[in-house]
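Okay, so here's the structure we're looking at.
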Amino acid sequence: MAKTYPKRVVFAPGKQKNFIESVRREKGFSWLELADFLEVHPRTLNDWKREQATMPLDVLGVLLRKTNRKMPKDVEVKDPFWYVYRGASAGGLAVYKKYGRIGGDPEYRKKKWYEWWEREGKYRSSLISFCEPIRRPNYSKDLAEFTGIVLGDGSIGKSQISITLNSRDDKEYIRFVTDLIKNLFDVYVGTHKRKDAVAVNLNVSRTELIRFCVERLGLKQGNKIKQQVDIPDWIKKNKLYSIVCVRGLVDTDGCVFTHSYKVNGKFYEYKKLTFTSYSKPLRESVFNILKSNGLNPRFAQGRDVRLDSVADMNRYVRIFGFHNSKHLKRYKQ
């Protein structure tokens, strides 16, 4: 079946850039967040912003529906590749007929863009964020749980906060974490499914959020293991905050597993819980919080904090609980 191409929308000079910029400001997005919102590659959005390319009519339609806008005035809807027949040379037409495109291999461009992004692009805050404001919440249970999640499976870079979760086992938890972040900070959360692992990155590109996490929450940028991160004091001084923070840590870096053994020819099995971290201060804080709530944790294998008994498991579920349903399902099985 022949491939079909969407019609294009042609703005007057300077109008397409202004239109896209007005949408971005209205939604409070960074450019990366707007690209994710439109489900297009950031390079494509950049070409539209610079008016290096016209927008597809169907994309404009989606944008108008999502923002409750009317079709801009003084725009023309044209057939795909109208520019080829108006101004292309005979050589350009030959290339189009042979390869079905003008301007090189789009997959190669995408590959090179990602290489540049990983090498230097993501460290350029001017390209990522324009210091859009965020909601700055007071200390709360939700904020303490968010802190635990970031200490567990999160990372704080120079221009972006990312939380990496399992794309298969954590589907329900991904929604929970996304809603938690949105409700706390009133920001857009981008979702990037990784190709190198069964994982999803939840990304927030806001320098104001990074500043808030470092200055207000006591979190650290960069490598968590090298810096030997710990639970911030504002959480450790509050029993309820400590409980929900540990829940965030266990939901991300914890595991519920079945322990089986044989005695006098009979098989027995029961559930255990382990929390794993290569940060010694963080392990010790989790150990102390579990201990202070009447549980009997122990250190294991140099990097684990474990609960071994049925009574401790039941008490953990009553006091701390799980927001990650995969742990609760394993506990109940």
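Read-outs throughout are calculated quantities, based only on the coordinates presented, and are distinct from any laboratory measurement. These figures come from a predicted structure and were not determined experimentally. In this analysis, Cβ positions are derived from the backbone assuming ideal geometry, glycine residues included, and neighbour counts consider all displayed protein chains.
Based only on other Cβ atoms within 10 Å, what is the fewest-to-most ordering of Ser30, Ser167?
On the way: Ser30 24, Ser167 16.
By the 10 Å Cβ count, ascending, the order reads Ser167, Ser30.
As a footprinting exposure proxy, order Met313, Met71 by other Cβ within 10 Å, with the fewest listed first. Mind showing how you got there, number by number?
On the way: Met313 18, Met71 11.
Least crowded to most crowded, the residues run Met71, Met313.
Suppose R0 equals 35 Å. What FRET efficiency, 1/(1 + (r/R0)^6) with r the Cβ-Cβ distance, do Asn314 and Glu39 give to the nearest 0.05?
On the way: r = 45 Å, r/R0 = 1.27.
After rounding, the FRET efficiency stands at 0.20.
Sort out for me the Cα centre separation of region 157-180 from region 283-333, rounded to whole Å.
Their Cα centres are 22 Å away from one another.
Using a Cα-Cα cut-off of under 14 Å, which aspartates and glutamates could be cross-linked to Lys332, ignoring same-chain neighbours fewer than 8 residues away?
Glu269
What are the ³J(HN,Hα) values, in whole Hz, obtained from phi via the Karplus relation 6.51 cos²θ - 1.76 cosθ + 1.60 with θ = phi - 60°, for each residue of region 297-314 in sequence order, with x given for Gly and Pro?
Going residue by residue, I get x, 9, 8, 9, 6, x, 9, 10, 10, 10, 10, 9, 9, 4, 4, 5, 4, 5 Hz, with x marking Gly and Pro.
Can you put Lys193, Lys224, Lys15 in order of Cβ neighbours within 10 angstrom, beginning with the fewest?
Numbers: Lys193 10, Lys224 21, Lys15 15.
Sorted ascending by nearby Cβ count, the order is Lys193, Lys15, Lys224.
Run the quick spin-label model on Asp142 and Lys7: label points 7 Å from Cα toward the beta carbon, then report their separation in nm to one decimal.
4.3 nm
Would you calculate the separation in nanometres between label points at Ala199 and Arg303, each defined as 7 Å from the Cα along the Cα-to-beta-carbon direction?
1.3 nm
Could you calculate the FRET efficiency of Asn264 with Ser325 from 1/(1 + (r/R0)^6), where r is the beta carbon distance between them and R0 is 25 Å, rounded to 0.05?
Numbers: r = 37 Å, r/R0 = 1.46.
With R0 = 25 Å, the Cβ-Cβ based efficiency is 0.10.
Applying the Karplus parametrisation 6.51 cos²θ - 1.76 cosθ + 1.60 with θ = phi - 60° to the phi angles of region 273-289, what ³J(HN,Hα) value in whole Hz is obtained for each residue in order, glycine and proline being reported as x?
Karplus values, whole Hz, x for Gly and Pro: 10, 9, 10, 10, 7, 8, 9, 4, x, 5, 4, 5, 5, 4, 4, 5, 5.
With contacts defined as alpha carbon pairs under 8 Å and 6 or more residues apart, what's the relative contact order of region 214-333 in percent? Walk me through the intermediate numbers first.
On the way: 150 pairs, mean separation 30.5, N = 120.
For region 214-333, the relative contact order is 25 percent.
With label points built 7 Å along Cα→Cβ from the Cα atoms of Arg25 and Gln221, find their separation and express it in nm.
It works out to 2.7 nm between the two label points.
With a Förster radius of 30 Å, plug the Cβ-Cβ distance of Met71 and Asp186 into 1/(1 + (r/R0)^6) and report the FRET value to the nearest 0.05. All intermediate terms of the calculation are to be shown ahead of the outcome.
Details: r = 29 Å, r/R0 = 0.97.
Once rounded, the FRET efficiency stands at 0.55.
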